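Colleague: For reference, the structure I am asking about is given below.
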Amino acid sequence: MVVELSENSFTGTLDSWFFLLPSLQQVNLAKNSLTSVAVEKPPANSNAGELVAVDLSYNKMEGFLPANFAKYPMLRSLALSYNRFRGPIPWQYSKKGSSLRRLYLDGNYLNRSPPAGFFSGEGRLAEAWETIAWRVARVLRSFA
């Protein structure tokens, strides 16, 4: 199931039950006015863990980044850009064996460096980071 509800005027908290809907694979609630999100670990042996992509960017969500998204075994893409999240990036997002391949966190108020080893090892984010680092180095060389 795909839920596409971007660019509406939804407000308030997105409750945890929403992400536990059976057969839910994609959620796009970008460009609303949601202020918080509650995320619980999906129950074992349920089809609630089929979530592949979540886009909650361009809302008004505050607080710390929800670490429990990392516990969804099929989640490949998580977009939380342009909210008001603060604090560190949860180490769970880079945990070895994580299925997360795309993580969008730009436009927030994150105030610490990523956890040690966040972009290294066998994780998919490590591959993405190597590509980004290469592009940044190339741009910096062009200014020299």
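Colleague: First measure r as the distance between the Cβ atoms of S16 and D106, then evaluate 1/(1 + (r/R0)^6) with R0 = 25 Å and state the FRET efficiency to the nearest 0.05. Display every interim value, and only then the final one.
Modeller: On the way: r = 25 Å, r/R0 = 1.00.
Approximately 0.50, to the nearest 0.05.
Colleague: Under the classification rounded if a/c is under 1.5, otherwise prolate if a/b is larger than b/c and oblate if not, where does the stretch 2-117 fall, given a ≥ b ≥ c as square roots of the Cα gyration tensor eigenvalues? Provide the component values of the computation, followed by the final result.
Modeller: Working: a/c = 1.75, a/b = 1.03, b/c = 1.71.
Oblate is the answer for the stretch 2-117, as a/c is 1.5 or above yet b/c matches or exceeds a/b.
Colleague: May I ask you to derive the relative contact order of the stretch 2-117, considering only C-alpha pairs under 8 Å and at least 6 residues apart, and to give it as an integer percent?
Modeller: Dividing the mean separation by the residue count of the stretch 2-117 yields 21 percent.
Colleague: Using +1 at the Cβ of each Lys and Arg and -1 at the Cβ of each Asp and Glu in the stretch 23-108, identify which of Y58, T35, P73 lies farthest towards the dipole's positive end.
Modeller: Going by the charge dipole, the pick is P73.
Colleague: Using packing as a proxy for protection, rank 10-18, 24-32, 36-44 so that the peptide with the highest average count of other Cβ atoms within 10 Å comes first.
Modeller: Final packing ranking: 24-32, 36-44, 10-18.
Colleague: If I model a spin label at S36 and L5 as a point 7 Å from the Cα along the Cα→Cβ vector, what separation in nanometres do I get?
Modeller: Rounded to a tenth, the inter-label distance reads 1.8 nm.
Colleague: What's the center-to-center distance, using Cα atoms, between the stretch 2-29 and the stretch 33-91 in Å?
Modeller: Computed from Cα coordinates, the inter-centre distance equals 11 Å.
Colleague: Looking at the stretch 2-117, how many pairs of lysines come closer than 13 Å at the Cα, when each pair is eight or more places apart or spans two chains?
Modeller: Counting lysine pairs in the stretch 2-117 gives 4.
Read the figures in this text as sums done on the coordinates, not as results from a lab. The structure displayed is predicted, hence computed values, not measured ones. Here Cβ is always computed from backbone atoms with ideal geometry, including for glycine, and neighbour counts include all displayed protein chains.
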